[in-house]
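Asker: Sending over a structure as structure tokens; questions will come in a sec.
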Amino acid sequence: MTVHLGDAIREVLPSARADLERLVRIPSVSADPDAARHVWASAGEVATLLREAGLPEVDVVTAGDSRPAVLGRRPGPPGAPTVLLYAHHDVQPPGEAADWDSDPFEPAERDGRLYGRGTADDKAGVAVHLAALRAHRIVHGDRLPVGVTVLVEGEEEIGSPALPGFLDAFSGALRADVVVFADAGNWTEDIPALTTSLRGGTSVVVEVRTLRHGVHSGMYGGPAPDALTALCRMLASLHDERGAVAVPGLTHGSAGFAGADSPDLTEEEFRAEAGMLDGVRLTGTGGLTARLWAGPAIAVIGIDAPSVAAASNTLIPVARAKVSMRIAPGDDAAAARAALAAHLTAHAPWGAQVSVQPGALAAPFTAPVGGRAYTCARSALGEAWGRPAVDAGAGGSIPFVTAYAGLFPDAEILITGVEDPGTRAHGSNESLHLATFERACLAEALLLRNLAGDGS
């Protein structure tokens, strides 16, 4: 009896979800040095699951100082394309426990969603790959219709700092005709999307000094400038009165590159998705998707200064802030970072001494959309969801995408995923919409079939 992929996905879905829950219970926070053993445990668990899914060649690998990644492979039939399936097993820190409605590392189902850190970003990507491989194993036995390489990275959430060395060490194993990055989102729970652009990203740490040491605010306040006030004035200069980025020299594009059929967000939808408070106005100008996908964004994400509880009547001699910047497609990441550093330095008040420490770079990316793999993906998504996919941009960055595209310019790159506007990736109560998860599993299985030209 012939087993079709839809039936096979339904058969393997419970095991794929169970695997996802096992992974979520491992707190693989790559940003936390004390969690290194958990990151290794997570990599080991992923390797075991890939072997159980039928990949004969699976290794936990590192390059230089990289966190552990997992690399698996099964060759395809002669003449079949090779497909690289990417995900990452590291996760963001959970933040404050009080902000979660349940333990972030104990999966909990509520109202059709699975809650927990990494349920969507991006351990669900691992589970999607597992489901697709298992479904094809049911249909085809121990052969796959295409060659498959699986890479599950261990440091995406900290910007993939060891990526250049990793790609250099494993470039031969990672060469593929098509790459599927399962680390993005969909337009809604019911409307699939192919992500065709990514903003780049970078950060700087700016330090301001005005005094050799702290002094009494009553005895010296007035003539003597304090570093924290100087820093606040510098940070305020990053945006104009409407909240638009005010750093000169940055690229500001439009969302039109994502495709004529791409929808735009309404303000009501955006406010609900972002959790904005009543009365708080949106920042910037232009269409919302253009602001999110095609323009720069700057945010202050950390400040080193005395806490309110520890504050005394002392003029602060030194203060630091970390400034995060998203870079529009078409811009040069290094030049954009230099423009940010130059702007901060130029806006130092009262002769304050400023130093700027540059952070890592992730280049923006725009995918060509006319190739065969893109057509196969649109067909697979439409069949799995029962409606056409839309093209979309993404405001975030995936360092591996741009690095891989630079190394293998002939590979077709597809960016898919399981997230939806309710996912809250990186935030408290991150969750996976379970119906979307099932559709994503089916879509990837169908994509492998389509790439092979196999109609079974």
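The values are calculated or read from the model by the stated rules, or taken from the named source; none is laboratory data. The structure presented is a predicted model; accordingly, all values stated were derived computationally and were not measured. In this analysis, Cβ positions are derived from the backbone assuming ideal geometry, glycine residues included, and neighbour counts consider all displayed protein chains. Just so you know, the surface numbers come from the protein's heavy atoms only, side chains and all, with ligands and any DNA or RNA stripped out. Shrake-Rupley method; radii C 1.70, N 1.55, O 1.52, S 1.80 Å.
Asker: Here is a list: ASP420, ASP391. Which entry is in contact with a His (Cβ under 7 Å, 6 or more places away or on another chain) and in contact (Cβ under 8 Å) with a residue 12 or more places away in the chain?
Answerer: Details: ASP391 fails: in contact with a His (Cβ under 7 Å, 6 or more places away or on another chain).
Being in contact with a His (Cβ under 7 Å, 6 or more places away or on another chain) and in contact (Cβ under 8 Å) with a residue 12 or more places away in the chain holds for just one of ASP420, ASP391, which is ASP420.
Asker: Does ALA352 qualify as being open to solvent by less than 70 Å² (accessible area, probe 1.4 Å) and without any contact (Cβ under 8 Å) to a residue 24 or more places away in the chain?
Answerer: no
Asker: Kindly indicate the residue of segment 18-75 that is in contact with a strand residue (DSSP E or B) (Cβ under 8 Å, 6 or more places away or on another chain), open to solvent by 50 Å² or more (accessible area, probe 1.4 Å) and acidic (Asp, Glu) and also farthest from PHE166 (Cα to Cα) among those meeting that condition.
Answerer: GLU57
Asker: Also: Considering only segment 398-406, I want to know if a residue exists there that is more than 16 Å from the chain's Cα centre (by Cα), among the β-branched types (Val, Ile, Thr) and open to solvent by 10 Å² or more (accessible area, probe 1.4 Å).
Answerer: No, there is no match, as no residue in segment 398-406 is more than 16 Å from the chain's Cα centre (by Cα), among the β-branched types (Val, Ile, Thr) and open to solvent by 10 Å² or more (accessible area, probe 1.4 Å).
Asker: Just for segment 146-189: of the residues that are among the hydrophobic types (A, V, I, L, M, F, W, C) and under 12 Å from the mean Cα position of the chain (by Cα), which one is surrounded by the fewest Cβ atoms within 10 Å (Cβ to Cβ)?
Answerer: ILE158
Asker: For segment 307-322: of the residues being touching a residue at least 40 places away in the same chain (Cβ under 8 Å) and in a loop (DSSP other than H, G, I, E, B), which is surrounded by the most Cβ atoms within 10 Å (Cβ to Cβ)?
Answerer: Per the criteria, the residue is ILE316.
Asker: Might you let me know whether segment 356-373 holds any residue that is free of Cβ contacts under 8 Å to residues at least 12 places away in the same chain and either more than 20 Å from the chain's Cα centre (by Cα) or open to solvent by 30 Å² or more (accessible area, probe 1.4 Å) (or both)?
Answerer: yes
Asker: Please give the number of the condition ARG242 fails out of (1) outside any loop (DSSP other than H, G, I, E, B); (2) touching a Gly at 6+ places or on another chain (Cβ under 8 Å).
Answerer: Looking at each condition in turn, ARG242 falls short on (1).
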